[in-house]
1. Taking the residues in the range 149-164 that are touching a helix residue (DSSP H, G or I) at 6+ places or on another chain (Cβ under 8 Å) and within 28 Å of Val74 (Cβ to Cβ) as candidates, determine which candidate is modelled with the highest pLDDT.
2. Could you say which residue among Asp77, Asp34 is within 30 Å of Pro147 (Cβ to Cβ), more than 26 Å from the chain's Cα centre (by Cα) and exposed (fewer than 12 other Cβ atoms within 10 Å of the Cβ)?
3. Of all residues in the range 128-148, how many are buried (at least 18 other Cβ atoms within 10 Å of the Cβ) and closer than 26 Å to Thr65 by Cα?
4. Can you tell me which condition Glu73 does not meet? The list is (1) closer than 29 Å to Thr107 by Cβ; (2) part of a helix (DSSP H, G or I); (3) charged (D, E, K, R), and all the others hold.
5. Please go through (1) part of a helix (DSSP H, G or I); (2) hydrophobic (A, V, I, L, M, F, W, C); (3) over 15 Å from Val146 (Cβ atoms) for Val130 and return the number of the only condition it doesn't satisfy.
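The values are calculated or read from the model by the stated rules, or taken from the named source; none is laboratory data. Fair warning: this is a prediction, and the values are worked out from it, not measured in the lab. Here the Cβ positions follow ideal geometry from the backbone for every residue, glycine too, while neighbour counts run over all protein chains shown.
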Amino acid sequence: MDNRSLLSGIAIGAALALAFDSTQGNRRRALIRDKVVRGRRMTREALDTTVRDIGNRARGIAAATRGRLVSEEVADDRLLRRVRAKLGRVCSHPHAVDVYVNEGEVTLIGPVMADEVGDLLTAAASVRGVHAVINELEPHDSADGVPSLQGRGRTGGSTFDLMQANWAPATRALVGAAAVAAGGLAIAYARR
């Protein structure tokens with residue numbers, strides 16, 4: 001008998017002795033059953049969330065593709081909301097920028113940090129439905145003396161899933177599958 005078989009037998013015997021102990025066995029079996037039931041429920045919920053997330057992302061990609069292929073006129077109020085949402089990701093003080101929209105023409109007015117002007121104009125121009133962007137921004141090298149640029153401003157940050165602190169369920173699933181595949185390849189390569 002080799003050591004691995006002996007250790008396996010000891011571990012299995014100890015587990016059975018603990019589970020079928022006459023005084024505490026019922027409680028231990030109930031705890032094990034509860035943990036298995038909870039694990040199944042948590043796995044089912046995680047899978048449901050992941051499937052729902054992947055479906056939502058697929059619908060979003062399809063809608064974005066349709067939007068790029070079909071040229072449609074966008075109402076000014078909707079376009080205004082789209083531009084405001086986009087500015088929050090590239091500007092440290094988006095509340096300081098006034099946005100006006102007239103038939104697809106976007107006008108940006110207000111004080112901004114000088115290093116953010118290019119990003120603001122690019123972001124506004126990239127919004128679907130924008131035909132032109134008029135720059136009436138007031139660039140400032142520092143926030144000193146500009147009340148609307150006071151305070152600690154921050155941009156929305158990266159929207160790339162792998163760069164975020166909390167990953168979406170679909171990203172977790174894809175990264176996990178990639179890690180399992182990489183591990184399998186590493187094991188297969190090591191056995192050569």
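1. Of the residues in the range 149-164, the ones touching a helix residue (DSSP H, G or I) at 6+ places or on another chain (Cβ under 8 Å) are 149, 155-157, 159, 161-162.
Subset that is within 28 Å of Val74 (Cβ to Cβ): 155-157, 159, 161.
Numbers: Thr155: 62, Gly156: 60, Gly157: 57, Thr159: 62, Asp161: 65.
This residue is Asp161.
2. Asp77
3. 3
4. Checking Glu73 against (1) closer than 29 Å to Thr107 by Cβ; (2) part of a helix (DSSP H, G or I); (3) charged (D, E, K, R), the one that fails is (2).
5. (1)
Every residue, every condition in (1) loosely packed, with under 11 Cβ neighbours inside 10 Å; (2) not in a strand (DSSP E or B), yes or no:
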| site | (1), (2) |
| --- | --- |
| Asn26 | no, yes |
| Arg41 | yes, yes |
| Thr50 | no, yes |
| Ile54 | no, yes |
| Arg82 | no, yes |
| Val99 | no, no |
